[in-house]
1. Picking from 276, 267, 241, which residue would you name as being closer than 26 Å to residue 348 by Cβ, aliphatic (A, V, I, L, M) and touching a helix residue (DSSP H, G or I) at 6+ places or on another chain (Cβ under 8 Å)?
2. Can you tell me which residues in the stretch 246-259 are open to solvent by less than 10 Å² (accessible area, probe 1.4 Å) and more than 16 Å from ligand 1 (Cβ to nearest atom)?
3. Could you check the stretch 317-365 and list, in sequence order, the residues that are hydrophobic (A, V, I, L, M, F, W, C) and under 24 Å from residue 388 (Cα atoms)?
4. Output the residue which, of all residues in the stretch 42-56 that are of a type in the set (Gly, Ala, Ser) and over 14 Å from residue 244 (Cα atoms), is farthest from the chain's Cα centre (by Cα).
5. Which condition number in (1) under 27 Å from residue 319 (Cα atoms); (2) open to solvent by less than 10 Å² (accessible area, probe 1.4 Å); (3) touching an Asp or Glu at 6+ places or on another chain (Cβ under 8 Å) is the one that residue 395 fails?
6. Out of all the residues in the stretch 461-479, which are assigned to a loop (DSSP other than H, G, I, E, B) and either under 8 Å from residue 439 (Cβ atoms) or in contact (Cβ under 8 Å) with a residue 60 or more places away in the chain (or both)?
7. Checking residue 167 against (1) on the phi < 0 side of the Ramachandran plot; (2) more than 16 Å from ligand 2 (Cβ to nearest atom), which test does it fail?
8. State which residue is nearest to ligand 2 (Cβ to nearest atom) when the search covers only the stretch 377-390 and only residues that are of a type outside the set (Lys, Arg) and assigned to a loop (DSSP other than H, G, I, E, B).
Amino acid sequence: MSLSEVAHLSQLQLGKFEVSFDEIKKQREYVSFAKTVLESRFGGETPLAFVHTFGCQGNVSDSERMKGWLSQMGYGFTEVIEQADLVLYNTCAVREHAHDRVYGNVGALKPIKEKKPGMIIALCGCMMQQEHVWQKIRKSYPYVNLVFGTHALHRLPELMYKVLCGGKRVFEVENCDGYIAEGIPVRRDGSFKGWLPIMYGCNNFCSYCVVPYVRGRERSRSSLAVLAEAKELIASGCKDITLLGQNVNSYNRDGGDLNFAQLLEAINNIEGDFRIRFMTSHPKDCTFELLDTMARCEKVSKHLHLPFQSGNNRVLKEMNRGYTREKYLSLVEYAKKVMPDISLTSDIIVGFPGETYEEFRDTVSLIEEVEFTSLFTFIYSPREGTKAASMPDPVSRKEKGEWFRELTLAQEKIAAERCKKMLGQTYRVLCEDYADGRLSGRTDGSVMIDFDGDESRVGEFVNVKVTSCRNWTLSGEII
Ligand code: 5AD
Ligand code: SF4
């Protein structure tokens with residue numbers, strides 16, 4: 001969005017969470033200050049930034065905004081860390097694995113920085129919003145120059161300017177309910193697939209999850225801002241837009257002109273040949289109205305990512321999910337009724353504290369009943385500060401690993417059966433990648449297919465007939 005459009009929006013409505021137009025204008029001034037410093041420091045050569053993102057699409061989208069700022073400051077981008085003058089890690093706190101990888105990666109930067117002392121190392125994102133993390137970085141990683149949390153993303157120019165001029169370490173980790181900042185430039189990673197955040201934060205406090213603590217309270221972007229960005233994406237050739245939020249079904253819950261179903265329809269009504277996806281839907285807030293809207297809107301993918309986490313009611317209650325197995329299944333039943341070709345995917349946690357094997361089997365029976373296209377399955381990982389982290393957790397990691405494999409095997413069978421049913425059918429596929437004479441892309445239902453084709457077709461929709469299926473991998477040909 002242009003600055004004048006932002007100013008216009010700001011005058012129209014400055015919601016509780018919105019960052020003022022003046023603040024963004026101030027940040028734009030810092031962009032030019034930082035640019036001047038960089039120009040004199042690099043004598044006209046382009047300084048290079050290595051930006052790496054851990055975690056979910058929300059983080060990917062945040063990184064696109066930070067890259068927008070950096071590119072306005074004059075940074076180019078590199079994939080080779082040793083070439084970088086700035087290394088920025090956007091971190092994830094959702095599970096231990098991502099968390100540990102960040103420490104590993106930051107540790108590995110030490111010898112690189114010793115050879116290149118001018119390198120700036122910056123860490124941001126969810127992990128940095130946790131006090132025990134930034135304290136550890138402050139104490140044990142003295143070569144890290146800049147640390148900022150999720151609430152300070154819009155102030156990157158100011159923070160970079162401070163680092164560039166002051167030479168001191170900068171920590172900006174204020175804990176607050178978060179902001180919505182319009183008018184940040186975006187440097188998108190892809191030209192035909194676009195991430196479009198519609199809301200930030202989460203109010204749900206599922207007992208295992210750290211997100212509400214590090215991302216603040218739920219807040220929705222104005223529908224004007226979302227629609228303006230959607231139009232911009234479509235005009236620039238984007239064919240696949242994914243609307244992002246921790247719980248998109250509660251978009252504008254605290255007031256606003258459109259609810260989520262209405263927003264979806266408004267985007268569907270924009271002229272052009274494109275697809276709309278969204279994630280993540282929370283079953284407790286998923287409505288029949290939304291499912292009807294999906295069914296009616298021809299540009300909305302018939303794909304629903306609806307995490308159920310556990311198939312057992314006692315475990316769901318302990319997780320504070322706010323729905324039962326029966327409610328989940330009734331949503332699935334309705335979705336299948338109004339969209340017979342619907343493709344369902346989900347997130348699952350195996351080995352929640354206190355879960356028994358019998359309770360875990362309820363999860364297996366649920367996936368068999370629903371027949372998901374694919375699943376994202378995680379072994380429970382305790383997160384500091386969450387309610388579940390203090391619950392007794394008697395089942396060993398080894399046993400949870402066995403349950404995990406059991407679930408994976410069950411899903412592989414289901415996926416193989418689903419793939420077999422796709423044999424001989426024709427699907428509209430967006431060509432996403434090319435390698436060695438083969439294209440690959442996803443169907444409307446988010447199933448990957450590969451097929452022969454020319455690289456020039458990447459970014460185009462083609463009709464592909466499925467000709468072979470090995471387990472759950474599909475191949476086809478353009479018709
Ligand atoms: N342990 C394991 N998985 C988790 N998730 C969130 N928190 C945890 C945790 N502590 C999973 C949930 C969520 C997905 C994004 O990550 O399944 O839907
Ligand atoms: Fe975490 Fe639950 Fe919020 Fe999703 S809905 S981000 S799992 S607290």
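The values are calculated or read from the model by the stated rules, or taken from the named source; none is laboratory data. For clarity, every value in this text was computed on a predicted model and none was experimentally measured. All Cβ positions, even for glycine, are placed from backbone atoms using ideal geometry, and neighbour counts span all protein chains on display. Heavy atoms of the whole protein, side chains included, go into the accessibility calculation; ligands, DNA and RNA do not. Shrake-Rupley method; radii C 1.70, N 1.55, O 1.52, S 1.80 Å.
1. 276 is the lone residue from the list that is closer than 26 Å to residue 348 by Cβ, aliphatic (A, V, I, L, M) and touching a helix residue (DSSP H, G or I) at 6+ places or on another chain (Cβ under 8 Å).
2. Result: 251, single match.
3. Residues satisfying the conditions are 319, 348, 349, 350, 352, 360, 364.
4. 43
5. Exception for residue 395: condition (2).
6. 472, the sole residue that qualifies.
7. (1)
8. Only one residue fits best here, namely 386.
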